[in-house]
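We did not get these values from a lab; they are worked out from the coordinates using the rules stated. Source: prediction; values computed, not measured.
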Ligand code: NAD
């Protein structure tokens, strides 16, 4: 069978779902590989590099979609892309099926099968295919780099002949995958880093990354329990929220950089950094809101924009951090895809075995043999 990656057509998207290295691995699984000409260019992978790796470079998107059995993509397909799917063809890409029902229906009508990389179950065995985590890791890192680029001072404290420089104080709100990456990056640059999460079980992880956990005075049995929600956060009680905002209000004037990453599955992002908190921050401080896609954790965030508040605080609401590091994110994403392909190819003979008894494959499959198979049943194993 042949697997191919088209050029991403979403404006500003620089990632690609296949690199010369991942193609070499896919060939070891028995597949022929194809790429649309120029698809890897924005991520630093030339047509010549693909050719050298034995990948067929196809001139047009139409020829690519028509000529392969498996299409690997980053972004969910556009309507036109979904319409160009063929009977029996397999599409593997981010899809967000909960908000893309019409696209799923289109793919079903075309007789295609679809694996959504954002639906890979978050169980240990599937970590190597967990594209949400690999992209969140990059977003967390890049958020700190972006903050540093907008902050007019050092992160690390210094004693120099020209004077003593205090270290920057960074607060990370939400310590999931992106938040922990942000903590690690900020501490490695020498900042004093604080972090908060509604899941008290992450305190240890926060501290092991070198940050200080911001504790609230709240009795344990009133805390939301992440263990009951598969590791994800549940909405907090109004009392807890009030305590949290009170604490943030208290520390806001002292923070130089705030990175917010707080999300609750299937809900808008919780509002945690209010206008008055921004107003109490020092001019030149920076907020990077990684929850901007889902409405933002900061009241003043504008999606995909960099704005400066009246009191001189920079607020960044970009939603394309992984694409801003396209070489790294394409490398990790294409590795996630080739691990998925390895599980789909038990005999390493270039033939897909779409085993719906396999928890991971079943969980990620949203369209299969003429049926919509989303949402999946909960995984049986951890
Ligand atoms: P996410 O992107 O859904 O949320 C980011 C963080 O925001 C979470 O830590 C959440 O607790 C926090 N949050 C929500 N509301 C908040 C609030 N009001 N104030 C402060 N923080 C708030 O999370 P994620 O990065 O996808 O990770 C979720 C969990 O899944 C984590 O426990 C992570 O370790 C786990 N995980 C497991 C696997 C695996 O086992 N394969 C893979 C990835 C992630």
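If the chain between residue 305 and residue 212 were fully stretched, how many nm would it gain, using 0.36 nm times the residue separation less the Cα-Cα distance? Could you put the intermediate results ahead of the total?
On the way: separation 93, 0.36 × 93 = 33.48 nm, distance 2.98 nm.
Contour length minus Cα-Cα distance gives 30.5 nm.
Checking the a/c ratio against 1.5 first, then a/b against b/c, what shape does the Cα gyration tensor give for the range 203-340? Oblate. Computed from Cα positions, the angle between helix 238-251 and the longest principal axis of the chain comes to roughly 60 degrees.
Over all directions, how big on average is the projection of the convex hull of the alpha-carbon atoms in the chain, in square nanometres? Before the final figure, lay out the partial values.
Working: hull surface 81.8 nm².
The number I arrive at for the chain is 20.4 nm².
Per-residue ellipticity at 222 nm, computed for the chain from helices alone with -39500 (n - 2.57) per DSSP H run of at least four residues, works out to -9000 deg cm²/dmol. The alpha carbons of the range 307-364 stretch over 61, 24, 10 Å along the principal axes, in descending order. Cα centroids of the range 92-126 and the range 351-382: 10 Å apart.
For Cα pairs less than 8 Å apart in space and 6+ apart in sequence, what is the mean separation divided by the residue count of the chain, i.e. the relative contact order in percent? Please report the intermediate quantities before stating the final value.
Numbers: 820 pairs, mean separation 73.0, N = 382.
The normalised contact order for the chain reaches 19 percent.
Between the helical axis of 131-150 and the longest alpha-carbon principal axis of the chain there is an angle of about 40 degrees.
Report the extension gain between residue 158 and residue 232 in nm, rounded to one decimal, defined as 0.36 nm multiplied by the number of residues separating them, less their alpha carbon distance. Could the numbers behind the result be given before it?
On the way: separation 74, 0.36 × 74 = 26.64 nm, distance 3.87 nm.
Contour length minus the Cα-Cα distance gives 22.8 nm.
Given their separation in residues at 0.36 nm each and the Cα-Cα distance between them, residue 251 and residue 358 gain 33.7 nm when the chain is fully extended. Relative to the longest principal axis of the Cα atoms of the chain, the long axis of helix 326-344 lies at roughly 50 degrees. The fraction of all Cα pairs in the range 35-151 landing in successive 5 Å bins from 0 to the largest distance is 2, 10, 16, 17, 17, 18, 13, 6, 2, 1, 0, given as whole percents.
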